[in-house]
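Reading through the structure tokens given below for one structure.
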There are 2 protein chains.
Amino acid sequence: MPMQATTDTQQRILDSARELIFARSYADVGVADICEHAGVKKGSFYHFYPSKQALTLAVLDAQFIDIKEKLIDEAFSEDLPPLERLERFAELAYQFQKRINLETGHVLGCLFGNLANELSTQDEPISERIQQTFRKLQMLLSGVLQTAQQRGELAVEVDVVATAQAMLAYFEGVLLLAKNQNDPEVIRQLLPAMAQMRIKRS
Amino acid sequence: MPMQATTDTQQRILDSARELIFARSYADVGVADICEHAGVKKGSFYHFYPSKQALTLAVLDAQFIDIKEKLIDEAFSEDLPPLERLERFAELAYQFQKRINLETGHVLGCLFGNLANELSTQDEPISERIQQTFRKLQMLLSGVLQTAQQRGELAVEVDVVATAQAMLAYFEGVLLLAKNQNDPEVIRQLLPAMAQMRIKRS
């Protein structure tokens, strides 16, 4: 098999898994569904991934790269004061979900949050990978808050680590409600308040 | 079959389903698992519930009654000023999850949020029942905020409906992170900030 075909096949499996699991759930999507969607045979699947779990870990990594490029890097670029970057993040998150809603007919929420709620009690490696991803997101948020504090735009008594965690929690909860109501406007209405959240040092 | 036995059997099926689905997920728990846990035959299951979906709707209703009694009615009783009731709610929610963690070894999060993330794109009746439950929770929260406003303890420009929704979103997100980290202390650290959330009328 030429190298290019191998790479294409693996990518198709990865993309299919991401699309199906994001649209439905982990348990509802089987290896057979992924193979059918990707147009590959089971043997080919197992050539690249030992299990659905292993593939899902790769899906989570791919999703983080995507979110980081499309949402975070754009939102957090340094052309705006730090606290305004958080408002831009809220707006971009809304547009991201609205686009998915137009394409699929559904608000799909956050892939990490979806699988965190579905699998945290059931699948240690997936739960652990989501924890790592959440920690990365928190670090990015606390970095923005720290910059704001250094520039004197955020009170020194604000606990930037706890506040970043609170912002991530709120983000996950807003996406959950928007998914449940299948309405991206919930994000537009609620998420901007994320930029105003503050937890003080105790 | 005497009436008492019938009632007991139905209750055992309901309790088993609630325990298993809360601890794992909707897709991971089959009718056979529920029957085995409840010690009943499949025929008995289908005598009371036409499907796992129908039983799950009953589980959601039972969970709401439980949450309302154990958490909300106690938190929101009128012996405290309204905004302090929200702080008590945060503390009781922490204790509720900590108790579950001690009993099961896991933080199980919110049953409504878990199933909202797992099933909102897949199961219309369950998604709709969760939406109804969330609306009831929001009404209870906005009632507390309205009382605070009437007593002059909350600024008149606060949008009590949007703020109640934001509080519910934050609650769901905090429980999601606590479940993912399997650590009830996340709730104790983050959830009290719920009482400080404000969204202004636009």
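Among the conditions (1) under 28 Å from B:Ala169 (Cβ atoms); (2) more than 15 Å from the chain's Cα centre (by Cα), the only one that B:Phe96 does not satisfy is (2).
Selection over region A:169-197 of residues that are surrounded by fewer than 18 Cβ atoms within 10 Å (Cβ to Cβ), facing chain B (nearest Cβ under 9 Å) and of a type in the set (D, E, K, R) gives a count of 0. Restricting attention to region B:118-151 and to residues that are touching a residue at least 40 places away in the same chain (Cβ under 8 Å) and among the polar types (S, T, N, Q), the residue that is nearest to the other protein chains (Cβ to nearest Cβ) turns out to be B:Thr133.
B:Ser202 is checked against (1) hydroxyl-bearing (Ser, Thr, Tyr); (2) within 12 Å of chain A (Cβ to nearest Cβ); (3) in contact with a Pro (Cβ under 9 Å, 6 or more places away or on another chain) and fails just one. What number does that condition carry? Just one mismatch for B:Ser202, condition (3). Residues considered: B:Leu14, B:Leu83. Of these, the only one that is aliphatic (A, V, I, L, M), crowded, with 19+ Cβ neighbours inside 10 Å, under 30 Å from B:Tyr170 (Cα atoms) and in contact (Cβ under 8 Å) with a residue 12 or more places away in the chain is B:Leu14. Beta carbons closer than 6 Å, at least 6 apart along the sequence or on distinct chains, never pair a first residue in region A:59-74 that is within 16 Å of A:Arg99 (Cβ to Cβ) with a second that is among the acidic types (Asp, Glu) and surrounded by 13 or more Cβ atoms within 10 Å (Cβ to Cβ). Of all residues in region A:54-103, exactly one satisfies the criterion of being hydroxyl-bearing (Ser, Thr, Tyr) and modelled with pLDDT under 95, namely A:Ser77. Could you check region A:146-202 and list, in sequence order, the residues that are assigned to a helix (DSSP H, G or I), within 18 Å of the chain's Cα centre (by Cα) and not hydrophobic (A, V, I, L, M, F, W, C)? Answer for region A:146-202, where residues must be assigned to a helix (DSSP H, G or I), within 18 Å of the chain's Cα centre (by Cα) and not hydrophobic (A, V, I, L, M, F, W, C): A:Gln165, A:Tyr170, A:Glu172, A:Gly173, A:Lys179, A:Asn180, A:Arg188, A:Pro192. Listed conditions (1) among the small types (Gly, Ala, Ser); (2) more than 9 Å from chain A (Cβ to nearest Cβ); (3) buried (at least 23 other Cβ atoms within 10 Å of the Cβ) are all met by B:Ala166, apart from (2).
The values are calculated or read from the model by the stated rules, or taken from the named source; none is laboratory data. Since this is a predicted model, take the numbers as computed values, not measurements. As a convention, Cβ positions derive from the backbone with ideal geometry for all residues, glycine included, and neighbour counts pool all protein chains shown.
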